[in-house]
Amino acid sequence: STGAITEHFTLNFTITNLMFTTDLQTPNSRKFQSAEKIMKHYIDPLLQKSSIGPHFTGCKVTGFRSGRRRDDTKVDAVCSYRDNASLARFDREQLYQELSTMTNNVTKLGHYSLDRSSLHIDG
């Protein structure tokens, strides 16, 4: 046994060009499942390129919420990584800086636009 344990952190951001609809709140709806798959397609590769990359085990979208404006959708995800004694402590600020850089200063995620002040990492 390597002594690795799975740790989690939350990732939150707002997409400004994905109109929120109520079916995005329903985890078994086609729209939720499609949006979740697209988010994983964009988020997971970014985290794999980050400092936690070698230990990253994936993200799960836990919800979509209505944003301030009509075209805003807030995205909530829980991400996981394997932690062990030889791994440097999870550095939330470093990961924030890396994701900020990889999303063009928190403005782009694939073909989506982001609210620059919406990226939050808690872990």
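What the table shows:
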{"quantity": "Filter result for the condition that a residue is exposed (fewer than 15 other Cβ atoms within 10 Å of the Cβ) and modelled with pLDDT of 90 or more, over 86, 80, 34", "calculated": "34"}
{"quantity": "Number of the exception - residue 28 against (1) free of Cβ contacts under 8 Å to residues at least 24 places away in the same chain; (2) touching a strand residue (DSSP E or B) at 6+ places or on another chain (Cβ under 9 Å); (3) part of a loop (DSSP other than H, G, I, E, B)", "calculated": "(2)"}
{"quantity": "Among the residues listed as 29, 113, 117, the single one being in contact with a helix residue (DSSP H, G or I) (Cβ under 8 Å, 6 or more places away or on another chain), over 15 Å from residue 9 (Cα atoms), open to solvent by 10 Å² or more (accessible area, probe 1.4 Å) and of a type in the set (Gly, Ala, Ser)", "calculated": "29"}
{"quantity": "Residue check for residue 6: surrounded by fewer than 14 Cβ atoms within 10 Å (Cβ to Cβ), modelled with pLDDT under 95, of a type in the set (Ser, Thr, Tyr) and in a loop (DSSP other than H, G, I, E, B)", "calculated": "no"}
{"quantity": "Subset of region 37-77 [surrounded by fewer than 17 Cβ atoms within 10 Å (Cβ to Cβ), under 16 Å from residue 115 (Cα atoms) and basic (Lys, Arg)]", "calculated": "65, 68, 69, 70"}
{"quantity": "Residues (within 19 Å of residue 6 (Cα to Cα), touching a residue at least 40 places away in the same chain (Cβ under 8 Å) and part of a loop (DSSP other than H, G, I, E, B)) located in region 34-86", "calculated": "50, 51, 52, 84, 85"}
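The values are calculated or read from the model by the stated rules, or taken from the named source; none is laboratory data. Computed from a predicted structure; not experimentally measured. Reconstructed Cβ throughout: ideal geometry from the backbone, glycine too, with neighbour counts over all protein chains shown. Surface areas here come from the heavy atoms of the whole protein model, side chains and all, with no ligands, DNA or RNA. Shrake-Rupley method; radii C 1.70, N 1.55, O 1.52, S 1.80 Å.
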